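As structure tokens, the structure follows; a few thoughts come after it.
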Amino acid sequence: MAEDLFCKIVAGEIPADKVYEDEDVLAFRDIKPQAPVHILIIPKRHIAMLADATEEDERLLGKLLLVASKLAKQEGIADSGFRVVVNNGPDSGQDVFHIHVHLLGGRKMGWPPG
Ligand code: AMP
């Protein structure tokens, strides 16, 4: 049995609007987009949060960012600009405990983030 929502998406137990997939990584559109482009990039393997990642995950973490960059180009937001966000723990508002990179773009964003 898949242990969290995103493991269930990886397992095909719940549907997702997938935009990228390889042996390690899956990317799909956020169900509640906060920008015209809002994609979540996740490892297929369960890691609850960034703080749980270890040296063994170095390559996988790098891959999540490279996929984000590739998707930004594919979505046509590489030149206008985009943001990648990884929420970790209660103060960040992390809701799903399966590490994910948010790729956001297609509108002007404020700084500092809320
Ligand atoms: P976070 O707050 O960083 O844990 O982000 C979790 C994200 O997952 C939120 O932006 C949600 O809108 C998104 N989300 C929750 N359920 C789904 C789903 N079934 N498919 C796609 N995105 C989802």
Output the number of residues of the stretch 1-10 satisfying the condition of being more than 12 Å from the ligand (Cβ to nearest atom) and without any contact (Cβ under 8 Å) to a residue 24 or more places away in the chain. 2
So which pairs qualify, if the first residue must be in the stretch 17-36 and without any contact (Cβ under 8 Å) to a residue 40 or more places away in the chain, the second must be within 11 Å of the ligand (Cβ to nearest atom) and among the aromatic types (Phe, Trp, Tyr), the Cβ gap must be under 6 Å, and the two must be at least 6 apart or on different chains? ASP17/PHE28; LYS18/PHE28
Boolean, LEU65 is open to solvent by 50 Å² or more (accessible area, probe 1.4 Å), within 12 Å of the chain's Cα centre (by Cα) and at pLDDT 95 or above: yes
Considering (1) touching a Leu at 6+ places or on another chain (Cβ under 9 Å); (2) more than 15 Å from LEU104 (Cβ to Cβ), say which one LEU71 fails and leave the rest. (2)
Would you confirm whether or not the stretch 64-76 contains a residue that is away from the ligand (no atom under 15 Å from the Cβ) and assigned to a loop (DSSP other than H, G, I, E, B)? yes
Flag for GLU56 being loosely packed, with under 15 Cβ neighbours inside 10 Å, in contact with a Lys or Arg (Cβ under 8 Å, 6 or more places away or on another chain) and farther than 13 Å from GLY105 by Cβ: no
Quick check on this structure: which one of ILE42, ILE47 is surrounded by 13 or more Cβ atoms within 10 Å (Cβ to Cβ), β-branched (Val, Ile, Thr) and either in contact with a Lys or Arg (Cβ under 8 Å, 6 or more places away or on another chain) or part of a loop (DSSP other than H, G, I, E, B) (or both)? ILE47
Out of GLU21, GLU3, sole residue that is of a type outside the set (Val, Ile, Thr), surrounded by 12 or more Cβ atoms within 10 Å (Cβ to Cβ) and modelled with pLDDT under 95: GLU3
Please find, within the stretch 11-43, the residue that is nearest to the ligand (Cβ to nearest atom) out of those that are of a type in the set (Val, Ile, Thr) and farther than 20 Å from ASN87 by Cα. ILE14
Across the stretch 81-114, the tally of residues that are open to solvent by 20 Å² or more (accessible area, probe 1.4 Å), in a loop (DSSP other than H, G, I, E, B) and either farther than 21 Å from THR54 by Cα or in contact with a strand residue (DSSP E or B) (Cβ under 9 Å, 6 or more places away or on another chain) (or both) stands at 15
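The values are calculated or read from the model by the stated rules, or taken from the named source; none is laboratory data. If you're wondering where the values come from, they're calculated on a predicted model, not measured in any experiment. Here Cβ is always computed from backbone atoms with ideal geometry, including for glycine, and neighbour counts include all displayed protein chains. The accessibility values were calculated without ligands, DNA or RNA, using every heavy atom of the protein model including side chains. Shrake-Rupley method; radii C 1.70, N 1.55, O 1.52, S 1.80 Å.
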